[in-house]
Structure formats: C-alpha cells, structure tokens
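Since the structure comes first, as structure tokens, the remarks are kept for the end.
The values are calculated or read from the model by the stated rules, or taken from the named source; none is laboratory data. On a predicted model such as this, the values are computed, not experimentally measured, just so you know. Here the Cβ is made from the backbone with ideal geometry for all residues, glycine too, and neighbour counts use every protein chain on show. Please note that ligands, DNA and RNA were not included when accessible areas were found on the heavy atoms of the full protein model with its side chains. Shrake-Rupley method; radii C 1.70, N 1.55, O 1.52, S 1.80 Å.
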Amino acid sequence: MGLTRVATPALAAAITLSLLTHAPADQPPLFGGSGGAYFLAEPGPLEIEVTKRDRNRRDAPSELVAILFGPDRTVLAQARIPDDGRPRGGGMGPAQSARLTAKAKHRGIYGLMITISGDRYGETAVWGFRASCPRYVIETARGHRDERHQEPLVVFNPDGDATVCFLPRPQDFDFEVEHVGRGGTVGLLDASGNQVADVPIRDGGARAQIAATTPRGHGPWRMRLPPGESTVHVDGLTRWEKDDAFPDMACWTPDPSSWFALLENHGLLTPYRRLIYLAAGARGDVALRAHNAATRARRIDLAVEFPGEPWPAALSTNGVTLGPKKSAEIRLSFPAPPEGQERICHVRATPEGDASLSTFATVTVRAGEAPATRPLVMPIVLRPFEHENEQFGHIPDFPRDAEMYFDAKNRPFTLDGGGLATAGASGWARLPINAPSDPGDPGSKPQAFAPVGTKIAFDRANNLYLLGSLGSRRALLRSSDGGAHFTAADLPPGRAGSASYDIEQFSGHNIPDGPPPIVRYALTAADPSLFWRRIHHVELLLPAAQGDRMTFGAPILVSTQGIGLAMHSGIPATLASRGNRTHICWGEATDPRAKAPGVPAYVATYDRGLGRLGPASLIGHGPPANDIHNTPSLTIDDRGILHAIGGTHGKPFPYAASLKPNDAGAGWTPPSVTGEDLPQTYIGMVCGPDGTLHTAFRLWQRNKEPFPLSSYATLAYQRKPPGRPWQEPKILIVPPLSEYSVFYHRLTIDRRGRLFLSYDYWSTLWFYRNDHPGRRRTLLMSPDGGDTWKLASTRDLSE
C-alpha cells in the first residue's frame, strides 16, 4: 500500500494528512449522497480514514473534500481525494483513501464534512470511513431541491450484509428499500434485538409499515440490507412531517455500538466560537445560546475551562433547565487582556446525568480594535466554519432580521422579530406594530399586525409606512411619530387566492408626496409543465391621505400576464414616484410556444392628475423566459431619468434608460447588457446622489479558485457612473463552499448616499446549514459610493 504524506504548514503540528493510493484491505461500508459524520471523542489521537469510489457517470472530475473540525468548529485537518481518472461510462472505479489525523485536546463532539466537486447531490461517487473514535453518527445531507426535503440513504455493500441503525419515530412509519443485487430479505430489529419485520425483496424492492403500537424501546433500531446497493426511505429518518422530533436530519450509523445521542444534543451550545476585541482596560461580554433539542425537559450544566492559565471570565449562570426544543441565552463576561495579548476559554455544556455527551464553545478575547471596524480588502473570502466573526471579529450590534432603511433625518429603521426597530441616543428601541383594529375608529382596541415583506417607506413629511397583515386582512400602516403609534388602512379587495405585494421604498431620488404606491400581484394560474412559470394580475394601488386617515381608489389593472415577484434576494424596486407621476415596472409570462428570449420587462407611468395609466414600454428581455426569478428593478435619478434593469436567472441583466424625464411612455434607450456573459441573478439597484447606479446581485463563477473543479456563487457589486458604461463587477463575498449558494441580499441607500448591503449566506448543502442554527445575516456598508466596504456597526448606522 503506497502512502504519500502531505505537509500542512497552515495547521497545527499534531495534524497530518495522507493520501492512500490503494484501498485498505478491509474496506469500510460505502454510501452515496454527501453530508458527513459526528464523533463523540475523548482526549487523544483522532484518526479518520475516508474512502471514495467514483461511479464515472460524467465527464467532469469528482474530487472529494473531507474537512475534520473540532467542537468549536476549528478546522483541524483537510484532505482531497482526486478523481480516479477513468472515462465516463467506465463503471465503478477503484477505492482511494485519505487519512486525516488530529489530536482531540478536549472531550466533545467533533465532525467530518464531505463535499464532492460539481455534485451537490452526491450522485457521482460513494464514500465511507473508518475512525479511531468508536462513537459516531452519520448525517446524510445533500444539496437542496425545489421540492419536499428528502435524504434517501444509498448503501453500497456488494460483498456482504449492511446495517442501518436509526431512531424510529413514535408515530406509524413506512419504509421502502429499492435494491439492486441478488435479492433476499430486508430485516428490521428493535432496540432490544427483537425482529419487527423481515420483508422479501420482490421486483427490486421491499416495503412495510410499522404501527405506532409496536414498542419502540430505548435506542436505535437496526435495518439489515442484503448484499448489493440499496436506497432506503424511512418516515422520520429520510423524510419528515411537521410533528417529527428531528426534522431534516437523516442521522444513522452502520454499527449499533457507535450510536450516541447526537440528535438530542445537536447545537447544544452556540455560537461554537467567538472572537471579541476589547480596548485595554475595558470589560465586555458575549451572548451564547444553550439549546435543548430533546423531546423532554433537561438541565444543561455550564462551566468555564481554561486551556492555559485561568483568567477572570465568568458565566451568568452555572446551568439552565430547558423544556423540549427550548433555548436560553447565557452570557460570559470578562476583562480585556493586556495590550497585544489574547485570552482563551472554553464554555462547557453538559446535559445533566450524562457527562459523556459534554461539548464546548471557545471564546477568544483580544486587546485592540477589531479588523471589522476598518475598510476591508475585498472580497471577503468566507472559509468553512470561518465567517465574519472568526476572521474579523465582527459581532453585529444591530437588529439583523432584515435590511436597513433611513428616514428623512437619516435615522435607521428595520424590521426585527415581527416588530419595528430604530436606533436613537440610548441604543436600539423595539417597537410593536400595533394599530386600531377598526380602521374607521381610531379609538378601537389596538391589535398587533405582522409585517408583510421587509420594506419600509417614508413620504415627504417623513411619515413611516409598511405593509401589514392581521388574519386575512392586508393593510397599509402609517406612523407619524417614528413607529411609536400606527394607523391602518385596509387594502382594496382583490382576487381570491394568493397574492404578493411591493411598496415604493427610497432608492435614491424618489420621495412620494403622500402615502407610497403599492403593487399587488394576484396569482391566477401556475403552469404544471414549467415549474417557474406563474401568471398574475398586476394591480397598482394608490393610497391617499385625508387628514389622519388613508383611503384607496379602485385598483388599477396594469397587466394580466405578470410573472410575479421575487423579493427574497435583491428586493428589486418596482415603483418610483415623482410629483403626480408613479412609474411601475414588471415582468410578464409568455406563451412557451413563442420561444421568447426572456421575461419581457415593461415600465409604465400612471399620472395621478390625469387619472390615466400610460402605455407599457418594453425595456428588454431577461432570460430565461417564464421564470419568476426575473423580477425587474426601477429607479429614478436626480434629473428625473428612469433607469430599468430586467431580472435574469444566470444571464446578463438588460439595462435601459428613459429618453425623457419622469415619463416611461416617451421612449427608451436600446437595451444593452450590464456586461457580456455575466451569469447574474437577483438584481438590487439604487441611485446615488450624483446619478451613479449601484447594483448588487449573485454572480456565478466556474472553475476558478478557490474551487477550480466546481461552480460557485458570489455576492457581487457593479456600478454605472452617469454618462459612462457599466464598470466591471466587483466580487464582495466568496462563499466557503462550492455549488449553489444564495445570499438573500438587499441593497439600500441612506439620505447621504451611503450604500448598505444586508446579506445572509445560505449554502445548498444541508449538512452545513443544519450545523449552524439560526441566521448568518449581517451588513456591509460603503461610505464612498462603492470604492471601499466595511462590516457595519450601529455607530456607522447612526452617524
């Protein structure tokens, strides 16, 4: 057996990587899909040998990347297993293996993440591992699909029986096994080893239903699979209902003795790691989250440990008792270390009564100023388990459920936890969105409205507006005192069924004289043969203020062929007003037989003084056709010129400008793309004080570093100075993992022309997302029109 050792100077001296050029004699069980495993390790050497066999089903190479990480998500070792070099159709390739070795310095839950280049579903190879740690659980976790989440287990065992151990759900459950092999039976044993089922394989499969009355016992059940290749589907294990105890985590093991209670203790203490900078002589604290993922109440004991000399770090409590699926915030307080030094501690969490399941988070405190407070060298290259905090010490001190908006006094506002938040001299204030239950009676009992969408608007008098819902009601909410009190006006009735909405927000030079216009997309049809084709009535709703009340006229039908709104990323502006005129842009569905070059993007002007909707002007096509992702965006500059960009899905954006100010019906420049061959999606656009157009979008990269064998999505920025062509895009965020990503980005601008880009990195890979509870949203800002960028703080927002 040839053994090539690979030096890894970036890792600790105790870590080694090796590539075994031939398979080990006793090959471990192999399985399809991607994902990883978790290990309940004691202090000492930790060695994992990963094996891969390529299926050779495609021309592109299949490189496996294995990342070994610690309880605090410090990356301990990495290894790559290359493609076997066989051509497409060459059949199952030989086994190749790589060894990852590290020293487990502390007891805890360690992890292994597996990805395969260009293959988010793990279809091009099978893999497995052997580990020095006897306690482990596998999580099969592929990339997302636009359908119900399922994670079938693919087990490749041509030479003997295989076992799948799993926790059975307490409810009735079905299982199905698709089998390629010599046949036989699929056996099912309960936690005590009693046979529950023994189902013959007929016509390539076996299936059975297990009643809820069958005793479950304590611990995992075992499914025995005959030699061959099996695809296993089990309710509660590979597919889930809302009442399942552990949804979206397909956790199992081929060895019943390796099982440990990962599911009940997943995310026991997060964030797993925190880096804090403090000025010399200052004191600080950090919030951590203790979580009970079990289905019963438990106490979680907490303690501080020091890898070196003790120092005065203290917890707010030594333990919390939590109900099922409940969490609690705890705080660790500490002084700053001396100038130029750092201090490290571990916060250990242990479920009461089971010390073996203990794990920890790491807190590092450094003296000085965090790199996050200064302009950064762009792009930010996220690394696995090392994002903005781990690299730059960034800890958002502002609400981050949504993007930021700014009123006429440049005060920041955002939605947070179902309410409104704004910053003042005493910090952030959270305000409920309460309005009188009867719009006609200001004295009626206030009721809490839920926000509809995330946009916040302001008129020329600095009244604040947002859309809200109360049961089946949809209303425009207005506050004249910065969100302390609201009134509501119900939107005019529309078509029964699903509807989505947009409200005119500030995009640089549009300030409505009164309540902001609203656009409603009422769904009328969906195309079962084209997944992304939807048909909507597009209606313009124009509110008017009458003293303290708001009223609406009849909805103005703009189109019966609207493709719909895609607002989760980009939040494109579809409305812009100046004086008595409101301009609206929308995309339309087309007849699939017509082979349109893309979603046609239109702009029209409604003149309130004349009470008339002008003609629709086609400004370009955003490919592909009939794709709801392709919502266009509209803004207006200081001269009144309208600027429109058609939405696309992985293609260059088409751009056009109106020939006359404040008039969509007087002609447009010929459409031109913002850049040749740019794979762009999810447009967001604002206009700066000098008329520069600023955009943010997802931009695909293919076969480039840091993922030369894959494609990956970045978050990018692009601008167009007035009278000049579009500049080359500037990549702002590079993802930590290849394949599909989305950033849920939202670009806004304040009254001084500063840019604010809210984003929330989301990987297609379920393993990476399951490992990180909650959101990652944070905020970039540029004070100089996109020249430099930094991670924002409340101080930046309030300046």
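Points worth noting:
- Checked against a 23 Å cut-off, the cross-linked pairs K595/K651; K595/K704; K651/K704 give Cα-Cα distances beyond that limit for K595/K704.
- The largest accessible area among F531, F166 belongs to the first residue in F531, F166, and the rest follow in falling order (1.4 Å probe, all chains).
- Q341-Q391 pseudo-label distance in nm [points 7 Å out on the Cα-to-Cβ vector]: 3.0
- Rg/Rh (Cα only; Kirkwood hydrodynamic radius) as it applies to the chain: 0.99
- Region 137-179: GluC sites (Glu not before Pro) in DSSP loop, at most 15 other beta carbons within 10 Å: E147
- Where Y501, Y717 fall by accessible area, highest first, once all protein chains stay in place (1.4 Å): Y501, Y717
- A straight line joining the Cα centroids of region 498-551 and region 665-679 runs 25 Å.
- In this view, the solvent-accessible surface of R411, computed with a 1.4 Å probe and all protein chains in place, comes to about 90 Å².
- Near G622: Cβ cut-off under 11 Å, other residues only, Lys/Arg at +1 and Asp/Glu at -1. The net charge is -1.
- Reach of K660 by Cα under 26 Å, taken over lysines that are not fewer than 8 positions away in the same chain: K720
- Think of it as helices only: each DSSP H run of n ≥ 4 in the chain is worth -39500 (n - 2.57), and spread over all residues that comes to -500 deg cm²/dmol at 222 nm.
- The trypsin sites (Lys or Arg not before Pro) of region 49-120 meeting both criteria, a DSSP state outside H, G, I, E and B (loop) and at most 10 other C-beta atoms within 10 angstrom of the site's C-beta, are R88.
- Rounded to the nearest 10 Å², the accessible area of D481 at probe 1.4 Å: 70
- When the residues D190, D146 are ordered by accessible surface, computed with a 1.4 Å probe over the protein chains alone, the sequence from largest down reads D146, D190.
- Along its three principal directions, the equivalent ellipsoid of region 165-277 from the Cα gyration tensor extends over semi-axes of 30, 16, 14 Å, largest first.
- The dipole here belongs to region 484-622: it is taken about the Cα centre, uses +1 on the Cβ of Lys and Arg and -1 on the Cβ of Asp and Glu, and is about 260 debye.
- Accessible surface for I641 stands near 20 Å², nearest 10, in the context of the full protein assembly shown (1.4 Å probe).
- What a 1.4 Å probe finds exposed on the chain is 51% carbon and sulfur by accessible area, rounded to a whole percent.
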